[in-house]
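Worksheet: the structure to be examined is printed underneath.
Read the figures in this text as sums done on the coordinates, not as results from a lab. Here the structure is a predicted model, which is why all the values come from computation and not from measurement. As a convention, Cβ positions derive from the backbone with ideal geometry for all residues, glycine included, and neighbour counts pool all protein chains shown.
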Amino acid sequence: MLLRKITLHDFGAYRGEQSLDLTTTPGRPIVLIGGMNGCGKTTLLDALQLALYGPRARCSGRGNRSYETYLRECINRQADPATGAEIELEISITVEGSERIYKVCRKWAVSGKTLHEYVNVVIDGSWSKAISESWADHVEDLLPLEIGSLFFFDGEKIESLADPDRASAVIESAVHSLLGVNTVQQLRTDLLALQRRQKLSGEEQETVAQIRELESRHDAVQGEVEAAHAKVAELRSRLDAAKVTLENAEYSFQKDGGELYERRRELETRRKDVAKVLAATEESLVDLAAGPLPLLLLSEQLTAAHKQASVEQQADESAQILDVLADRDRDILDRLDELLSVGDLEVFRAHLEKDRRERELAGGSERILALSADGYAQLAGIGQVLTHELRRAQELLAQVADQAAVVEALDRQLAGVPDEKLIATRIAEREQALRRVHQLEADLESALAAHATSKGRREALTAELERAHEARVKTLVRAEEVARVIAYCDRQRAVLDKFRTALLNRHINRLEVAVLDSFSKLMRKRGLVSDLRIDTDRYQLTLIGTDGKSLDPGRLSAGERQLLAVSLVWGLARVAGNWLPSVIDTPLGRLDSRHREHLVDRYFPHASHQVLLLSTDEEIDERLLGRLKPSLAHTYTLVHDDTTFTTSVQPGYWWTSGAAHVA
């Protein structure tokens, strides 16, 4: 299936009639559509899905609103609601080697308080009433919703496919629907139905009634399963919206100083503790100042006192030895009296007397301090005490400076705490959003449990129904023809089971190779992933690192997860033969320059026979446009008029001659 043309009539921001030719040619598969943020790129993607799937379309702008409300809001604000809006999508489909052109027109308008929607389908120029009335079922045969959602995607949101649980659901749906495994399963089911029709031919009324009652109960439970599934999908959508609201509330809370407000008590307590320690340190300084420390102010006087004490101490020592010296001198003179002449003896006596007089003069210095022996020792110890006290005082002063700086910093932080009245609104918004998320998570958990219960009941009834049919066959099959048909059906069902298993394994193996090859082509890091595996039971995608161990996708960056998701989509398309169009909104949002080049060079030109890129000027810029140019079939630019709030489609792209007026 390929897209040929889309025409919008007063849809969203698109005023009047706006058309885009989407046809491509071999070697030029890309239609590049540029637009600034808010110009209508996502609206165009929503229009494609809405035209195909109607109320089941997964439109990004719908949110939790009802389908009728969403359609009302999709009518251009300047258009007449009674005239309404319209989307016309032309597609080509190859059926048994022949191309058929479908033109799907979905129109809605408001009449009074009622909204009416119309769907008309024209095939090869002829209106088809039957297909128009059953389009919702017919489109599932052409392009199932699960598969369509996979190939019509937002480049920034596709990262969720890197999640193993989400990827397993997509892989299972794609393998069964896109790669034809469902066809084998349907053949097996048809054979089972043929068996049952043969078995009914000779059954007793009681057995028939029992089977019909089981089938009725099975249909009722099937309805419950579908309703529970729809409820789960709705709650997931509402939960996603609630999480976005919570993220916005958290951002507003943090932006307005919420973190400081939450830490206010902690900051106040810490400031109180630091201030208390600061006061204690200052008190220690005061105590220190009450001791001998102030004597440092008299350092010159203390130095003079030490000198005077030394002089006086020497004088005391000289006075103590004068008497000893006098006795010594007399003893020496008595002994020398016989040895020396009178003249020499007198000279020596004069010398000794001179020495004693000098010592008497030294010992006769003025006693200013007049200290005792203990006093001299205490005066000498004062210096050591003052040195210790000075070092202690310097340590305390350093502590006071550090603690005062901490107090000042805490005061600045406390001064930045927002007013309680201002932050109260943000707190209330955040708490309300958080309660909403918790409530929806609980509701979703309950809905999942109800869905699982319904599925369990359905499976039990299915098993019971099959047992009833098998028991009926054993007792009622008598005719040779019936027995032959039943036997052949059993054999063919067994063959189909084996064929389904072989087909599934073959597709899974091809898919593993295609996804790994796609990921290797797109990745900048060559040695990150060496292999990947997909099991056929749970369809779980497992990455294998270079060490041979499984690699958690959570270890990949946001850009790498986006590339993994793109590789999964690309691998599915390659295995399926690229027969579906790829429509990509914001294709390069979270990627660095190298990864962007890889996508532009290796993915977009080969992603499918038809690739629609909805890009801003910063994603596909002038440099990347040059790389894409050989593969471009058409280029358009969405031009938004800020005065009328409407968007129009202009041919050409930024930096091309057809869009010079758009830049």
GLU247/ARG77 FRET efficiency (R0 30 Å; Cβ-Cβ; nearest 0.05): 0.55
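Give the shape of the stretch 535-574 as rounded, prolate or oblate, defined through the alpha-carbon gyration tensor: a ≥ b ≥ c are the square roots of its eigenvalues, a/c under 1.5 means rounded, and otherwise the shape is prolate if a/b is larger than b/c and oblate if not. Before the final figure, lay out each step's value.
Details: a/c = 1.95, a/b = 1.08, b/c = 1.80.
It is oblate, given that a/c is not under 1.5 and a/b is not larger than b/c.
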Under-5 Å amide H pairs with VAL583, H placed in peptide plane, nonlocal only: PHE152, PHE153, LEU612
Residues whose placed amide H lies under 5 Å from that of LEU532, excluding near-sequence neighbours: ILE544
In sequence order, calculated HN-Hα J values of the stretch 539-550 (Karplus, 6.51, -1.76, 1.60; Hz; x Gly/Pro): 6, 7, 8, 10, 8, 10, x, 5, 8, x, 9, 5
Burial ranking of peptide ranges 546-555, 385-394 (average Cβ count within 10 Å, highest at the top): 385-394, 546-555
Nitroxide proxy distance, nm - points 7 Å out along Cα→Cβ at THR643 and ALA404: 6.5
In nm, spacing of pseudo-spin labels at PHE348 and LEU192 (7 Å Cα→C-beta vector): 14.5
Per-residue Cβ neighbour rank within 10 angstrom, fewest leading, LEU632, LEU528: LEU528, LEU632
Packing-based ranking, highest mean first, of 90-101, 597-608 given that Cβ atoms within 10 Å are counted: 597-608, 90-101
Separation of the ARG212 and VAL385 label points, Cα + 7 Å toward Cβ, nm: 11.9
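With the cut-off at 15 Å, report for the stretch 508-561 the share of all Cα pairs above it, as a whole percent. The partial results should precede the final answer.
On the way: 674 of 1431 pairs.
Percentage above 15 Å: 47.
For a 23 Å ceiling on Cα separation, which of these pairs sit above it: LYS41/LYS231; LYS521/LYS629; LYS41/LYS629; LYS129/LYS231; LYS5/LYS629? Before the final figure, lay out each step's value.
On the way: LYS41/LYS231 29 Å; LYS521/LYS629 20 Å; LYS41/LYS629 20 Å; LYS129/LYS231 32 Å; LYS5/LYS629 21 Å.
Violating the 23 Å Cα-Cα cut-off are LYS41/LYS231; LYS129/LYS231.
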Cβ crowding within 10 Å averaged over residues, with 618-630, 20-32, 47-59 ranked highest first: 47-59, 20-32, 618-630
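In what order do TRP570, TRP655, TRP127 fall by count of nearby beta-carbon atoms within 10 Å, going from fewest to most? Each step should come with its number before you reach the end.
Numbers: TRP570 26, TRP655 17, TRP127 12.
Ordered from fewest to most neighbouring Cβ atoms within 10 Å, TRP570, TRP655, TRP127 come out as TRP127, TRP655, TRP570.
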Spherically averaged projected area of the stretch 104-146 from its Cα convex hull (nm²): 3.9
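Please report ASP402, ASP537 as a ranked list, fewest other C-beta atoms within 10 angstrom at the top and most at the bottom. Walk me through the numbers on the way to the answer.
Details: ASP402 13, ASP537 6.
Going from sparsest to densest Cβ surroundings: ASP537, ASP402.
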From phi via Karplus (6.51, -1.76, 1.60), per-residue ³J(HN,Hα) for the stretch 598-604 in Hz, x at Gly/Pro: 4, 5, 5, 7, 10, 9, 4
